[in-house]
Amino acid sequence: MTTIDGPRTGLSNQAAYADLHGFVAGGVSSNMRARGIIEPIVVDSASGCRVRDIEGNELIDVNMGYGPHLFGYADPDVTAQIAAQFGRGHMTGLPHRIDREAAGLVAELVPGVERLRFANSGTEALMSAVRLARAVTGRTLVLTFEGHYHGWSETLLRSRGGDGRRPAPGAAGMIPEAMEHTLQVPWNDAAAVEKVFADHGAELAAVMCEPVLANDGVVVPDAGFLELLRRLTGEHGALLVFDEVITGFRVARGGGQELYGVVPDLTVVSKAMGGGFPVAAFGGSREVMEPLARYEAFHAGVYSGNHAALRAVAATLAKIRAAGALYTELDGIGAHAEARVREAVDGAGRTARIGRVGSMMSVALTDPATGEVDEAGHRLLQTACQRRGVYFHPVPAEPWFLSTAHTRQDIDTVAETISEALAETA
Ligand code: PLP
């Protein structure tokens, strides 16, 4: 039988994934995605909080495509509107009234955004935000934090190391001087930030962070830390840039800036905004966006703000706006998951580091002797859970992203599966 996805081959996940490697370099189109695969799952379909593979297995997914699906996979409301847009022409390269609707909704919901530009991915939007910050300030230096991922562009893909100096480039093939204008300090290290400002305050174009660190386990900002960044950037004429690719519309309707009451100069949003469609945006006050309004700064993209992507944004954000108790509901699911997973880990006599803000949560088994993350143990647990029908990412730094499609019963199944898997891998 031929489906919309192509002919059914009867291959196992393993065989289909091996076959894929002959055509797609590395089997997947993102190095980050490759880290999510120990035993391959080749997807047939996904809906709600479940993924079905080509062997007919159904798994409860708590990674949920790295975070965009607040309402679950194939949400009928959003999907219907995107499908309708495809029938009306989804990409003309001309202005469309959906531009106003989508941009207006972002501006209404995100405190720091009055005007914006749309882009196709977080990487593009962040790269453009940094370029704009450099254009606005006439400076080049950007301060970043260890463990915060800001996409894979030339001046932001960095190695670890938070000693306040230039980090090393994060990948082979980057120009050796790529990090010449980037500094890095540890997250929540107020003294290190103050030292960077004391040494380089007049050179800094921007300070960039995820308002909740979500790419190295979920680590909230210490009390007063975001306020410190806000104060120091203001005093030294640098821009504060929040990378809300993950936190935007996830930890609160208005993202981390609403949750913590600290409004940045530039905001980047992406994942939850488009319900899984490839779309991102960067924006700020009318004034900070003025160089783009006058075309003095540069940002482009044939597909930037295409009509289908913006239909996905408008449909998703309208649904978020209309759902009165959405974030209470998501927090409830998250709290239930945290409690049940903690119970499963304690019950197995194991230790784990669990971080959570609302529906975003990280779970990492730890070595009881050192307190360090037990990467190998976590991988064993992941494989055992996957074989039993629960998928989370094998890298413990990658969060779980729960949705309104996860019921308490689904979460109970996940916790029971973890208990069984921990017993098996003890
Ligand atoms: N910023 C953050 C906080 C992210 O988590 C990601 C991706 O996961 C990015 C930026 C990069 O976004 P994209 O993969 O859409 O380019």
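The values are calculated or read from the model by the stated rules, or taken from the named source; none is laboratory data. In this text, all values refer to a predicted model and were calculated from it rather than measured experimentally. In this analysis, Cβ positions are derived from the backbone assuming ideal geometry, glycine residues included, and neighbour counts consider all displayed protein chains.
Screening residue 297 against (1) part of a loop (DSSP other than H, G, I, E, B); (2) within 15 Å of residue 210 (Cβ to Cβ) leaves a single unmet condition, (2). Candidates 364, 352, 397: the one that is closer than 29 Å to residue 245 by Cα, of a type in the set (A, V, I, L, M, F, W, C) and assigned to a loop (DSSP other than H, G, I, E, B) is 397. Considered as a group, the residues in the stretch 239-275 that are of a type in the set (D, E, K, R) and either in contact with a Cys (Cβ under 8 Å, 6 or more places away or on another chain) or closer than 30 Å to residue 333 by Cα (or both) include one that is surrounded by the most Cβ atoms within 10 Å (Cβ to Cβ), and that residue is 244.
Scanning the stretch 245-266 for residues that are closer than 11 Å to residue 113 by Cβ and within 12 Å of the ligand (Cβ to nearest atom) yields 248, 255. Looking across 86, 71, one residue alone is out of contact with any Ser or Thr (no Cβ under 7 Å at 6 or more places or on another chain) and aromatic (Phe, Trp, Tyr). It is 86. Given the structure, is residue 126 closer than 30 Å to residue 197 by Cβ, more than 15 Å from the ligand (Cβ to nearest atom) and among the aliphatic types (A, V, I, L, M)? It is false that residue 126 is closer than 30 Å to residue 197 by Cβ, more than 15 Å from the ligand (Cβ to nearest atom) and among the aliphatic types (A, V, I, L, M). Filtered by the rule that a residue be under 17 Å from residue 229 (Cβ atoms), within 16 Å of the ligand (Cβ to nearest atom) and either aliphatic (A, V, I, L, M) or not in a loop (DSSP other than H, G, I, E, B) (or both), the stretch 144-187 gives 144, 145, 182, 184.
Restricting attention to the stretch 197-228, report how many residues are within 20 Å of residue 150 (Cα to Cα) and more than 16 Å from the ligand (Cβ to nearest atom). Give the derivation first.
Our first condition is that a residue be within 20 Å of residue 150 (Cα to Cα); within the stretch 197-228, this holds for 204-221, 225-226.
Next, from what is left, pick out any that are more than 16 Å from the ligand (Cβ to nearest atom): 204-205, 225.
So the count comes out to 3.
Yes or no: residue 225 of a type in the set (Phe, Trp, Tyr) and crowded, with 24+ Cβ neighbours inside 10 Å? Walk me through it before giving the result.
Numbers: of a type in the set (Phe, Trp, Tyr): yes; crowded, with 24+ Cβ neighbours inside 10 Å: no.
Spelling it out, it is not the case that residue 225 is of a type in the set (Phe, Trp, Tyr) and crowded, with 24+ Cβ neighbours inside 10 Å.
Taken together, 125, 129, 192, 135 contain a single residue that is farther than 29 Å from residue 287 by Cβ and either surrounded by fewer than 17 Cβ atoms within 10 Å (Cβ to Cβ) or out of contact with any helix residue (DSSP H, G or I) (no Cβ under 9 Å at 6 or more places or on another chain) (or both), which is 192.
Residue-wise test of (1) modelled with pLDDT of 95 or more; (2) within 16 Å of the ligand (Cβ to nearest atom); (3) surrounded by 18 or more Cβ atoms within 10 Å (Cβ to Cβ); (4) closer than 30 Å to residue 261 by Cα.
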{"site": "7", "(1), (2), (3), (4)": "no, no, no, no"}
{"site": "53", "(1), (2), (3), (4)": "yes, no, yes, no"}
{"site": "58", "(1), (2), (3), (4)": "yes, no, no, no"}
{"site": "64", "(1), (2), (3), (4)": "yes, yes, yes, yes"}
{"site": "75", "(1), (2), (3), (4)": "yes, no, yes, no"}
{"site": "84", "(1), (2), (3), (4)": "yes, no, no, no"}
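Per the conditions (1) modelled with pLDDT of 95 or more; (2) more than 24 Å from residue 52 (Cβ to Cβ); (3) of a type in the set (A, V, I, L, M), the sole criterion not satisfied by residue 384 is (2).
Testing residue 278 on (1) within 15 Å of the ligand (Cβ to nearest atom); (2) buried (at least 24 other Cβ atoms within 10 Å of the Cβ), one condition comes back false. Which one is that? Result: residue 278 fails condition (2) only.
From the list 358, 305, exactly one residue is under 13 Å from residue 252 (Cα atoms), within 23 Å of the chain's Cα centre (by Cα), surrounded by 15 or more Cβ atoms within 10 Å (Cβ to Cβ) and not hydrophobic (A, V, I, L, M, F, W, C). Which is it? None of the other options fit; the residue is 358.
Please verify whether residue 70 is without any contact (Cβ under 8 Å) to a residue 24 or more places away in the chain and surrounded by 13 or more Cβ atoms within 10 Å (Cβ to Cβ), treating the condition exactly as stated. Show your work before the answer.
Working: without any contact (Cβ under 8 Å) to a residue 24 or more places away in the chain: no; surrounded by 13 or more Cβ atoms within 10 Å (Cβ to Cβ): yes.
For residue 70, the condition - without any contact (Cβ under 8 Å) to a residue 24 or more places away in the chain and surrounded by 13 or more Cβ atoms within 10 Å (Cβ to Cβ) - is not met.
Scanning the stretch 17-36 for residues that are exposed (fewer than 14 other Cβ atoms within 10 Å of the Cβ) and β-branched (Val, Ile, Thr) turns up just one, 24. Regarding the stretch 324-339, can at least one residue be identified that is touching a His at 6+ places or on another chain (Cβ under 9 Å) and of a type in the set (Phe, Trp, Tyr)? No. Of the residues making up the stretch 16-51, those that are modelled with pLDDT under 95 and among the basic types (Lys, Arg) are 33, 35.
For residues in the stretch 324-355 being among the aliphatic types (A, V, I, L, M) and without any contact (Cβ under 8 Å) to a residue 24 or more places away in the chain, which is surrounded by the fewest Cβ atoms within 10 Å (Cβ to Cβ)? Out of the qualifying residues, it is 325.
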